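Beneath this line is the structure, given in structure tokens, with notes to follow.
The values are calculated or read from the model by the stated rules, or taken from the named source; none is laboratory data. No experiment lies behind these values; they were computed from the predicted model shown. Cβ placement follows ideal geometry from the backbone for every residue including glycine, while neighbour counts extend to all protein chains displayed. Keep in mind that these areas ignore ligands, DNA and RNA; they rest on the heavy atoms of the full protein, side chains included. Shrake-Rupley method; radii C 1.70, N 1.55, O 1.52, S 1.80 Å.
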Amino acid sequence: MDLTIFGYQFMQNAVLSVLLGGIACGTVGVFVVLMHMPFIGVTMSHAAFAGAMLGLLAGFDPLLGAFGACFIAAAIIGPLADRGELGPDTSVGIIFSLMLGLAFLFMGLMPGTKSGALEILWGSILTNTRSDVILLGVVAAVVVGLVTAFYKEFQATVFHRDMALAVGIPATVVFYGILFLTGATVTASLRPIGGLLVFSLILNPAAAAYQLTYSMKRMFFLSAGFGILSGLIGLLMSYLFNIPSGATIVITSSAIFGIATVISPKRKVKRWQHQPPLEVRQ
Amino acid sequence: MIRAPAVKDGTVSKTMINIENAVVSYREDVALRGVSLKVRAGEFLGIVGPNGAGKTTLLTIVNGLGKLLSGQVTILGEHFDPNNGHSIRKKVGYVAQVQNIDPRMPMSVREVVMVGRYGLLGLLRRPASHDWEIVDEVLEMVGMTELARRPIGHLSGGEQQRVAIARCLAQEPQIFLLDEPTASLDWRAKTDILELVKLIHDSRNLTTLVVTHDLSALPLACDRVVLMKEGHIWGEGSPEETLTDDKLSELYDMPTAAVRARRAETTLA
């Protein structure tokens, strides 16, 4: 295999992007999976896409538009999910379809070729610039830094929000923080992974990790690891077979999820329960 | 043994909870219609009433999660305002109604009990070995030591309830709130849990409020019973005064004979 390609800067940027994107997506994915809110995550990625389209149309940085749209979506979805007047699935579904509608509207209004728009939809990791990598690096560092510093607050909120509030943890702030971190991660992954595909990279590695461990800390590490692995294998496949990288990354992450589900010890709960507790075994 | 908050001689009758004319409303429904209640330090209070009477809401205004439309709540001498909710809540342990927990949740029983200490620890501080000692101690108290390392989702309803009580104790609260701690448990687990709650209340000098439908077990534990109906406090007094067939028949809108028959059934059960 000729790997001299990795000597080129565009390929180094690509590798750095999947490393950092894998870490950021894998980490926020744990929240998405444990809080049972995959739909909220999908909506965030579509909001980011709509914001980016607006940016392209109006002539400002699409990533700025994506950040703005994510934050607005989080600010609307949070209270809607909280109040439960319509049921979170209904209200999030409405925001989701609105975002999709806006994205297509902005795309339709765009004059000339839509290649910029399609690039954001499908992602194109090989045209990443150093500044894209830096943005992803900053987001990954913020995500990992916050989760490390406020691990116990995140853990309690993910376990049970009302219970976390009842013991004196500002769980509402933590929940909104999770939504914003998801939005920031989606935005930073928009160019390398693509608006349509980024969500699989958030959901699949975390869902795979969820199958394999009863420790939340381990789940964070496994999820980030699977995210990186999906990115690297996907990138290699993309290079070897000359196929779109976004697609190979997402298919790899799905395959990892499939394998994790098959070998999951959690499917053998019954047998596990028949074992004596740890203290007795030791 | 962890020291319970010291109750000095002469302060036993200190007012721990003072609710004045509290009104709480969820959208169009009024959950509490001007409720006033004083609870003294060390009291064990039972709250009884039909579904929708406002019992759970009464507990949530004591831990500050319920939003007052008007009125005032003073806990341990402090008024609730939008800024001090978190700090007051650290002193109030709350065991909510039995919750469904994801069976694959990646947390052990021990970790869930430790969550009770998170509020006390404050931001950016990690549990120290002293905190884990307290967690192991309260797990022993509720009889859950053997299951301490199990994933939380693998426990039965009664075991989950013991963990919730342990979590509350790990918080070292001064006020102990329990919302139907025996709902959906079998008869044996019901009596065990209520005995455990009483034991903890006595050994730690707590002020305890229990919402329950378990009328047969109440007289054993409670100093005072509050009867609630349609968002009002409809009556209060000793268990002997309040839990009579006549009062219950009025409270639950049932003929006295039917109340008597059902109570006989549940005592036999």
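Summary table below
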read-out: Within the range B:33-64, tally of residues that are within 13 Å of chain A (Cβ to nearest Cβ) and touching a helix residue (DSSP H, G or I) at 6+ places or on another chain (Cβ under 6 Å); value: 2
read-out: A:Ile259 surrounded by fewer than 24 Cβ atoms within 10 Å (Cβ to Cβ) and at pLDDT 90 or above; value: yes
read-out: From the options A:Leu105, A:Leu136, residue that is surrounded by 17 or more Cβ atoms within 10 Å (Cβ to Cβ) and modelled with pLDDT of 80 or more; value: A:Leu136
read-out: The lone exception for B:Thr207 - which of (1) free of Cβ contacts under 8 Å to residues at least 40 places away in the same chain; (2) surrounded by 19 or more Cβ atoms within 10 Å (Cβ to Cβ) it fails; value: (1)
read-out: Test result for A:Phe159, open to solvent by 10 Å² or more (accessible area, probe 1.4 Å), under 19 Å from the mean Cα position of the chain (by Cα) and within 20 Å of A:Met35 (Cβ to Cβ); value: no
read-out: Output for the range B:217-269, where each listed residue is closer than 13 Å to B:Ile47 by Cα and open to solvent by 70 Å² or more (accessible area, probe 1.4 Å); value: B:Asp223, B:His232, B:Trp234, B:Glu236
read-out: Cβ-Cβ under 9 Å pairs, at least 6 apart or on other chains, the range B:88-109 side free of Cβ contacts under 8 Å to residues at least 40 places away in the same chain, far side of a type in the set (Gly, Ala, Ser) and crowded, with 18+ Cβ neighbours inside 10 Å; value: B:Ile88/A:Gly168; B:Ile88/B:Gly64; B:Arg89/A:Ala166; B:Arg89/A:Gly168; B:Arg89/B:Gly64; B:Arg89/B:Gly119
read-out: Breaking point among (1) open to solvent by 60 Å² or more (accessible area, probe 1.4 Å); (2) farther than 17 Å from A:Gly22 by Cα, for A:Val142; value: (2)
read-out: Some residue of the range B:158-181 being under 25 Å from B:Pro50 (Cβ atoms), surrounded by fewer than 17 Cβ atoms within 10 Å (Cβ to Cβ) and touching a residue at least 24 places away in the same chain (Cβ under 8 Å); value: no
read-out: Residue within the range B:193-211 that is at positive phi and within 14 Å of another protein chain (Cβ to nearest Cβ) present; value: no
read-out: Single residue of A:Leu196, A:Leu179 found to be in contact with a His (Cβ under 9 Å, 6 or more places away or on another chain) and more than 14 Å from chain B (Cβ to nearest Cβ); value: A:Leu196
read-out: Strands (runs of 3 or more DSSP E) contained entirely in the range B:198-259, each with at least 3 residues that are in the same structural domain as B:Leu37 (by TED's automatic domain parsing) and among the hydrophobic types (A, V, I, L, M, F, W, C); value: B:207-211, B:224-229
read-out: Every residue from the range B:85-111 that is surrounded by 24 or more Cβ atoms within 10 Å (Cβ to Cβ), in a helix (DSSP H, G or I) and at the interface with another protein chain (Cβ under 7 Å from one of its Cβ atoms); value: B:Arg89
read-out: Among the residues listed as B:Ala53, B:Ala31, B:Ala41, the single one being within 22 Å of B:Leu243 (Cα to Cα) and either of a type outside the set (Ser, Thr, Tyr) or surrounded by fewer than 16 Cβ atoms within 10 Å (Cβ to Cβ) (or both); value: B:Ala53
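For (1) in a helix (DSSP H, G or I); (2) within 15 Å of B:Val210 (Cα to Cα); (3) within 12 Å of chain A (Cβ to nearest Cβ), each residue gets a yes or a no:
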{"site": "B:Glu137", "(1), (2), (3)": "yes, no, no"}
{"site": "B:Arg149", "(1), (2), (3)": "no, no, yes"}
{"site": "B:Gly153", "(1), (2), (3)": "yes, no, yes"}
{"site": "B:Gly158", "(1), (2), (3)": "yes, no, no"}
{"site": "B:Ala164", "(1), (2), (3)": "yes, yes, yes"}
{"site": "B:Leu177", "(1), (2), (3)": "no, yes, yes"}
{"site": "B:Thr182", "(1), (2), (3)": "no, yes, no"}
